[in-house]
Structures are given as structure tokens and as C-alpha cells.
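Reading through the C-alpha cells given below for one structure.
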Amino acid sequence: MKLNVKINGKKFDLEVNPNAMLIDVLRDAGFKSVKNGCSEGSCGACAVMIDGRPKNSCIILAGQVQNSEILTAEGLGNPETPHILQRSFVDHGSTQCGYCNPGSLISVKALLDKNPKPTEADVKDALDGNLCRCTGYVKRIEAVLDAAKIIQKGTKGKK
Amino acid sequence: MLKKLTQFYYPKTVEDACSQLANAKEKTSVIAGGTSEALRNDSTIEALVDLSKIKELSFIKSDSSSISIGAATPVQDIYKSDLSGVSGELLKTAAGKIGSTLLRNAITAGGNLVALFPWSDLPAAYMVLDAEVVCRKGKPKRTVPVINLINSKPASFLTKGEIVAEIKVPVFKKGTGASFAKMSKTSNDYSLITVASRITIAGGKIEEARLAVNAITAQPVRCEEAEKLLVGKKPDAELLAEAAKKAVAGLKVRKDYRATEEYRKEVCEVMIRRSLEESIAKAGK
């Protein structure tokens, strides 16, 4: 079937199998930040934003995102011009193996879009579906709270 | 995997969706949040009608007598809503205990009910709140108690071309309290035990009692024997302990490799007792 989607602001007209999962379609289209961890919606490594909502792309059929807008970590920034959240994850050491980072970043981007001044509880709540086995769940919370402050101050950088 | 799936339909209205389903020539099913459908192994389904983009199915409304929730409303919206009162707070608590943010953004108020998995969290809450379900077949609709839908299994209760469109929950009078609790290995794991209760107290005695469990059983059930025991009596520790014992004794426990039947029964009894205590404490406020 034909799938019309906007990925990171760019229009795509993809030919996909009707029973394909979104994660596979995205990875095949070159968006390798989308990681497959558990394939059953438990770990959050595959999280992408679909029409403003972060969801697990491993348990959504690609056919369900017809005419939707998708944001993956590639759409946030790149090594030369990282998003403030990406920069903050690095600065706070909330990345080690990095496998969970793209999904976690999407979850917290969605949080800050809705709630620019989150509390620690808000951040924990937003990340409740993103497992991270390396860094221990503290550094990423500090990273998000810090990034939120930087964005609030309007420090130079990509929003 | 849905091996034979070839077609997706994207209706814009409930009427379109119902007529699509009613006139389907190929084996057609509905999909909304998609979390269970995506993991389903079925080699007969050829087409899916996607309800997730129908705007009239996604809403949360409340007035002085009831709360209405569209069937395709993501449960995250319930969790983050400003619903209040006994019914509103209970729905928010139950919705917030479902999976994770990423899952709650997909799972819907109606899907969690219609799919009716043992681990679904909302059905027990709907049951103790005496929820009603609005089923639509195009324009025609029927409003039925949620317990009827659950007891006769949604798949056989709904006729061809009929969908669950809305869940309605009454607002309760003063002197009512409700509680929802869930036990699972981790907060994201499937429920091992789900307990919901609602108690109305008048003149120092229990006037109305509702108690429902899920996950420990194969489908959500009301513990009617225990409810009967409670009604008309003064709520004291002895009575609640007796009601909890009675409720658990009447359960047909589902097999689950995560924990033994004995363990889950013991925990369930404690959870029920505490749930009743909490409901009663809230009713007194």
C-alpha cells in the first residue's frame, strides 16, 4: 500500500506492506535512530512522535500513520547542531551505550512542547516508558530539567 | 502478525466507519490505538477500519450528572484531564496506572474495554462506577450497562457494523468514595491483580457497595456476594475483612506464570480489604 507521511518535516510517499510495523518502515527509509529493543512496547527505544504524541513505533502498524507527521531523533538535531536536549544529555552524562537515547529524547521533547517548566515528577512521568540500563535514571532527569531552564532563558540554540 | 492484511480504511465519521464494517466483503476488523492489534497473530483479517482519526470519537465531557468519554480517546488524555469528583478521580487513577506514557498515548478508553484482556485496567473501574456504554451502528445507538457488554464478551455482544462509541459514567452523591489499585511486577508490566471499589455511606451504614477485580481472573468480574454482605451494615474492620475473604473465595483464578495462585489470592484479599477501607475513608470526607 501507499503511505503518505511527513517525517521530520519532509514529505514521503512510501510503498509499504500493509502489515509492516512503523519501526521497520522508518528504519528502511533511513531513520536509524529508531531502535528496536523489545518489539512489544515495553522499552521505549523505538519511540517516535506521531502528530505530537510520543508512541512506541514497534507496536503500531505503519498503515495507522497515513497522512501523519512523524518526528524522530534525526529531526531534533545532528552532531554539529544538536538540540538543547541532546546537548544536555551529553553534558550530564545521561548517555552511555546510547541505545535508549533517541526514544528518551522524543519522550522529553514531547514533554517540553506541552510543559516548558516541568517538575522532577513530570520528567519521571514522561520517561516512564523509556528503559535505560546504563545511566541509572538520575542523570537524564537532571539533563531534562537543565535543558528546560536553558530553553526558558532563551540561550542560543535550536529549539 | 496479520498475514492476510491488505487494506486500511480511514473513515472520518462514525457513520462511515459503521457502514464500512457492515458492508465489508473481506474479513474486516477495527483498530484504534493498535497496541493489541499490532501484536495479534491472525491469518484471516484482510482489512482494518482505523477509528483513531475519527474526531467525534475522541473527547472528554463532563457535567453535573455524568462524565462522557469518546471510545477512541487515548487514556493519557484521561490521566492528564482535569476531571474531578469520585468518578473523575477514579478514572484518572486507573488510566494513569496503564503501562507507560508511550503506551497510554496509544491505548484508548474504548479499546481497553472492548479488547477485554485480563490485564486491562479500566474495565474494573468502569464496573464499580456503573458505567454505561453507547454502542453505535451508524446513526442508531443503544446505551447499555458496561457489565452486559463485559459478561457477554464484546465480540459477540456487538453486531456487525456496530462499534462502541462512548463510555458514560455517572457522578455520585456526597458520601461516596472509590478506590483503584493494581499490582504488577513492574509498573509497566501486565497487571497481576486489579481491584476497584466504590462505597456510598448514609446514616453511618453502607448504602451501596461495588467491588470488581480483574487480572487475577480471566475477565473483569463484580464480587456480588461480597457487595451484598456489605450493604446495610456499619463499616467496621471485621466486616471488611469478612467481605474481602468472601470476595476472594468466589474468584475463579486465572493461571499466570508470574506468580502462584495461592500468592495472588492472599495478596488480592489484602488489596480488597484496603480498597474498601480507602473507599470508606473517602466516603466520609
For this session: Calculate the spin-label point distance for B:Thr159 paired with B:Gln219, positioning each point 7 Å from the Cα along the beta-carbon direction, and give it in nanometres.
Result: 2.0 nm
Exercise. Could the peptides A:135-142, A:81-88, A:7-14, B:185-192 be put in order, highest first, of the mean number of other beta-carbon atoms found within 10 Å of their residues?
Worked result: A:81-88, A:135-142, B:185-192, A:7-14
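In square angstrom and rounded to 100, what buried accessible area do you get between chains A and B, total over both, with the probe at 1.4 Å?
Details: alone 8570 and 13700 Å², together 20040 Å².
Answer for the A-B pair: about 2200 Å² buried.
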Problem set entry | At least 40 Å² of accessible area lost relative to the chain alone, listed for region B:98-123 with a 1.4 Å probe | B:Thr101, B:Leu102, B:Leu103, B:Asn105
Exercise. By average Cβ neighbour count within 10 Å, what is the ranking of A:50-57, A:71-78 from highest down?
Worked result: A:50-57, A:71-78
Exercise. Which value, in debye to the nearest 20, describes the size of the charge dipole of chain A about its Cα centre when Lys and Arg Cβ atoms bear +1, Asp and Glu Cβ atoms bear -1, and nothing else is charged?
Worked result: 440 debye
Exercise. Using a 1.4 angstrom probe on protein heavy atoms only, which residues from region A:122-142 are buried by at least 50 Å² of accessible area when all chains are present rather than their own chain alone?
Worked result: A:Asp125, A:Asp128
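Show that you can apply the helix-only estimate: for chain B, add -39,500 (n - 2.57) for every DSSP H stretch of four or more residues, divide by all residues, and state [θ] at 222 nm to the nearest 500.
Working: 12 runs with 98 residues, N = 285.
Theoretical 222 nm ellipticity from helices: -9500 deg cm²/dmol.
Just checking the output field for B:48-58: average partner chain Cβ neighbours within 10 Å of each residue's Cβ? It would help to have the intermediate numbers written out before the result.
Details: counts 5, 0, 5, 0, 6, 5, 0, 0, 0, 0, 0.
Partner Cβ neighbours, averaged per residue: 2.
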For this session: Please work out the FRET efficiency for the pair B:Asp16 and B:Val253, using the Cβ-Cβ distance as r and a Förster radius of 41 Å; give the result to the nearest 0.05.
Result: 0.45
Exercise. Once you put a point 7 Å from the Cα of B:Glu207 and another 7 Å from the Cα of A:Asp51, both along the Cβ direction, what distance in nm separates them?
Worked result: 4.3 nm
Problem set entry | For region B:25-41, Karplus couplings with θ = phi - 60° (6.51, -1.76, 1.60), whole Hz, Gly/Pro x | 8, 8, 5, 10, 10, 9, 9, 10, x, x, 5, 8, 5, 5, 9, 6, 9
Exercise. Got a number for carbon plus sulfur as a percent of region B:187-247's accessible area, 1.4 Å probe?
Worked result: 51 percent
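At 1.4 Å probe radius, can you tell me the per residue accessible area of chain A in Å²? List each step's numbers first, then the result.
Numbers: 7440 Å² over 159 residues.
Per residue, chain A has an accessible area of 47 Å².
By DSSP, what percent of the beta bridges with both residues in chain A are antiparallel, rounded to the nearest 5? Present the calculation step by step, with values, prior to reporting the outcome.
Numbers: 13 of 16 bridges.
Just about 80 percent of them are antiparallel.
Could you sort A:Met1, B:Met1 by their accessible area in this structure, using a 1.4 Å probe and putting the largest first? Mind showing how you got there, number by number?
Numbers: A:Met1 50, B:Met1 110 Å².
So the residues, ranked largest to smallest area, are B:Met1, A:Met1.
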Exercise. Using the alpha-carbon centroid of each, what span in Å lies between region B:47-112 and region B:203-274?
Worked result: 26 Å
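What is region A:65-159 by shape, rounded, prolate or oblate, if you read a ≥ b ≥ c off the alpha carbon gyration tensor as root eigenvalues and call it rounded for a/c under 1.5, prolate for a/b larger than b/c, and oblate otherwise?
Numbers: a/c = 1.19, a/b = 1.07, b/c = 1.12.
Taking the square roots of the gyration eigenvalues as a ≥ b ≥ c, region A:65-159 is rounded.
In the neighborhood of A:Glu15, defined by Cβ-to-Cβ distances under 14 Å, what is the net charge if each Lys or Arg adds +1 and each Asp or Glu adds -1? Write down the numbers at each step before the final one.
Working: positive: A:Lys2; negative: A:Asp13, A:Asp24, A:Asp28.
Here the charged neighbours net out to -2.
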Exercise. How much length is gained on full extension from B:Tyr263 to B:Phe117, taking 0.36 nm per residue of separation minus their Cα-Cα distance?
Worked result: 50.4 nm
Exercise. Spin-label point model (7 Å from Cα, Cβ direction): what's the A:Thr81 to B:Thr44 distance in nm?
Worked result: 5.4 nm
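What do you get for trypsin sites (Lys or Arg not before Pro) in region B:31-67 restricted to DSSP loop and a cutoff of at most 16 other Cβ within 10 Å of the site's Cβ? Don't jump to the answer; show the numbers that get you there.
Numbers: sites: B:Arg40, B:Lys53, B:Lys55, B:Lys61; in loops: B:Arg40, B:Lys53.
Answer in residue order: B:Arg40.
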Exercise. Solvent-accessible area per residue for chain B at a 1.4 Å probe radius, Å²?
Worked result: 44 Å²
Exercise. Quick one: which of A:100-108, B:230-238 comes out on top by average Cβ neighbours within 10 Å, and what's the full order, highest first?
Worked result: A:100-108, B:230-238
Exercise. Is chain A rounded, prolate or oblate when judged by the Cα gyration tensor, a ≥ b ≥ c being the square roots of its eigenvalues, rounded requiring a/c under 1.5 and prolate requiring a/b larger than b/c?
Worked result: prolate
Seminar exercise, completed: What helix-only [θ] at 222 nm does chain A give? Using -39500 (n - 2.57) per DSSP H run of at least 4, over all residues, to the nearest 500, the answer is -9500 deg cm²/dmol
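For B:Lys141 and B:Lys3, FRET efficiency with R0 = 35 Å and r from the beta-carbon atoms, rounded to 0.05? Can you show the working numbers first?
Working: r = 34 Å, r/R0 = 0.98.
The pair B:Lys3/B:Lys141 has a calculated efficiency of 0.55.
What is the average number of partner chain Cβ atoms found within 10 Å of a Cβ in A:50-58? Present the calculation step by step, with values, prior to reporting the outcome.
Details: counts 3, 2, 1, 8, 6, 12, 8, 1, 2.
Mean shielding count: 5.
Shielding by partners for B:2-9, please: the mean number of other protein chain Cβ atoms within 10 Å of each residue's Cβ. Don't jump to the answer; show the numbers that get you there.
Details: counts 4, 1, 2, 7, 4, 3, 8, 1.
Across B:2-9, the average partner-chain Cβ count within 10 Å equals 4.
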Problem set entry | Average projected area [Cα convex hull, the protein assembly as shown], square nanometres | 22.2 nm²
Exercise. Okay, which of region B:184-199 sit inside 16 Å, backbone N to the point 7 Å along the Cα-Cβ direction of A:Glu40?
Worked result: B:184-192
Seminar exercise, completed: If R0 = 51 Å, then B:Val270 and A:Lys117, at their Cβ-Cβ distance, give a FRET efficiency to the nearest 0.05 of 0.80
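The values are calculated or read from the model by the stated rules, or taken from the named source; none is laboratory data. In this text, all values refer to a predicted model and were calculated from it rather than measured experimentally. Note: ideal-geometry Cβ built from the backbone for every residue, glycine included; neighbour counts use all protein chains shown. Note: accessible area is taken over every heavy atom of the protein model, side chains too, but ligands, DNA and RNA are not part of it. Shrake-Rupley method; radii C 1.70, N 1.55, O 1.52, S 1.80 Å.
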